[in-house]
1. I'd like to check something: does segment 295-305 contain any residue that is assigned to a strand (DSSP E or B) and surrounded by fewer than 20 Cβ atoms within 10 Å (Cβ to Cβ)?
2. Looking only at segment 101-108, decide whether some residue is in a loop (DSSP other than H, G, I, E, B) and touching an Asp or Glu at 6+ places or on another chain (Cβ under 8 Å).
3. Would you pick out the residues in segment 332-361 that are surrounded by 14 or more Cβ atoms within 10 Å (Cβ to Cβ), in contact (Cβ under 8 Å) with a residue 60 or more places away in the chain, acidic (Asp, Glu) and closer than 17 Å to PHE172 by Cα?
4. Scan segment 86-95 residue by residue and report those that are over 28 Å from ASP20 (Cβ atoms) and open to solvent by 30 Å² or more (accessible area, probe 1.4 Å).
5. Would you please name the residue that is nearest to ALA151 (Cα to Cα), looking only at residues in segment 105-135 that are polar (S, T, N, Q) and open to solvent by 50 Å² or more (accessible area, probe 1.4 Å)?
6. Among the residues of segment 107-116, are any farther than 23 Å from ALA24 by Cβ and modelled with pLDDT of 90 or more?
7. Can SER343 be described as touching an Asp or Glu at 6+ places or on another chain (Cβ under 9 Å) and outside any strand (DSSP E or B)?
8. Filter segment 15-35 down to the residues that are of a type in the set (Asp, Glu) and modelled with pLDDT of 85 or more, then identify the one that is most open to solvent (accessible area, probe 1.4 Å).
Amino acid sequence: MTSDGQLAIARAQQALKSGDAESARAALELAEAALAESEMPWLMLARTSRLLADAECEERAVRKLLDRNSRDLGALLLMGDLKANQGDDRAAGSWFQTALAVAALNGAPAQFETLIARAQAFVGESQARYATHLTSSLANAGTGQLPRVTAALDLLLGRTELYQQQPTSFYFPGLPQRQFFEREEFSWLRKFESQTLALKQELLSILADAGSFSPYVEGHPDRPAPANPLRNDPSWGAFYFWRYGERVAINVDRAPAMMAALGAIPLPHIASRSPIALYSRLTPGTHIQPHHGLLNTRLICHLPLIAPDGCGLRVGNETRHWREGETLIFDDSFEHEAWNRGSSDRVVLLFEIWRPELDEAERAALTALFEAINDYGVPEDQG
């Protein structure tokens, strides 16, 4: 750096401190003439030009900064502000969103606090205007409420997050990415649900025995302990009728109505693995943390027998609540979590069924495959 350039920058800095933008600008012009581009304080020139309302010079200085470093936070913020002042909202939003991403990754110096707040406000307002535009355009098109279009729009606008099947053990390709299935899709379900009252009476008699339930998440002596905060915790309890494909004789005898009802359901039968059927109990204040199930070839069914207010189940980006006698059917290979924020226990009958998209040949092949896998040892807990 030449001595003339150094002196010019020092004079510009002093002029800015005293509020004399005109003198600062004149000094920076001298500095630019004396310095190489890589030595020029372009951010100072951009700020000085902003004070003088010289948008053309400000943009030139900002672009010099971006040529030097395309992720320069100050330059990104200033360019966004420039475009906003010029009325180019789409360009402004793009620059501001990039700036906010850089700030989130690397942090933001205090000197950019005002511009960061401006960027956040602008992006929020811009997204709201965009959402209003798209929603009103769909309404004007007269398409009505189409659930899949609505879901796609929510993803586009960032209202919901995209979730995909991510089973921890086995993935079967080509199955629809559906989080919940509807009760009307299963012809056997209406008759099964009609028995809810009788099934609940059996449950109440079992609940009267305080020692009937065991923790849902239990370790196996020949395996590492599950990384689950509810391991060996009775607040998430289980009372099994079928476990690892075997009847739990001591429990089956206590619930003849339940076993008769389950016998009429098309449960999978896989040696050492399926069926699985149990009461799943959540005590008040219990939260099952987000997790994924083992497989995407099955659906999990919950028939609520005791369903107090304050309980919920989130699968992917959709949350539903249990209602007594109304089965929830979901793919647990999506991230899911459950909670009881009520004042009494929540109890559902939990069982699994095949994904309906799998044909008989595929089910037979998967049964053989899973049984071959199981030959290597006890399968993991059902998750």
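1. Within segment 295-305, the subset assigned to a strand (DSSP E or B) is 295, 298-305.
Now drop any that are not surrounded by fewer than 20 Cβ atoms within 10 Å (Cβ to Cβ), which leaves none.
There is no residue in segment 295-305 that is assigned to a strand (DSSP E or B) and surrounded by fewer than 20 Cβ atoms within 10 Å (Cβ to Cβ).
2. Here is the first cut: in segment 101-108, the residues in a loop (DSSP other than H, G, I, E, B) are 107-108.
Keeping just the survivors that are touching an Asp or Glu at 6+ places or on another chain (Cβ under 8 Å) gives none.
No, segment 101-108 has no match at all.
3. GLU335, GLU352
4. Narrowing segment 86-95 to residues over 28 Å from ASP20 (Cβ atoms): 87-95.
Within segment 86-95, GLY87, ASP88, ASP89, ARG90, SER94, TRP95 meet the criteria.
5. Taking segment 105-135 as the starting set, the residues that turn out to be polar (S, T, N, Q) are 106, 111, 114, 120, 126-127, 132, 135.
From what's left, open to solvent by 50 Å² or more (accessible area, probe 1.4 Å): 106, 111, 114, 120, 127, 132, 135.
Details: ASN106: 33, GLN111: 40, THR114: 35, GLN120: 25, GLN127: 17, THR132: 16, THR135: 12 Å.
Here the answer is THR135.
6. Step one: of segment 107-116, the residues farther than 23 Å from ALA24 by Cβ are 107-108, 116.
Subsequent filtering for residues that are modelled with pLDDT of 90 or more retains 116.
Yes: segment 107-116 contains one or more residues that are farther than 23 Å from ALA24 by Cβ and modelled with pLDDT of 90 or more.
7. When the stated conditions are applied, SER343 passes them.
8. The first filter runs over segment 15-35 and keeps only residues of a type in the set (Asp, Glu), leaving 20, 22, 29, 32.
Still in the list and also modelled with pLDDT of 85 or more: 20, 22.
Working: ASP20: 61, GLU22: 125 Å².
Checking each candidate, the answer is GLU22.
The values are calculated or read from the model by the stated rules, or taken from the named source; none is laboratory data. Note that the coordinates shown come from a computational prediction; the quantities given were computed from them, not determined experimentally. Cβ sites come from the backbone with ideal geometry, for glycine too, and all protein chains shown count toward neighbours. The area values use the complete protein model at the heavy-atom level, side chains included, leaving out ligands, DNA and RNA. Shrake-Rupley method; radii C 1.70, N 1.55, O 1.52, S 1.80 Å.
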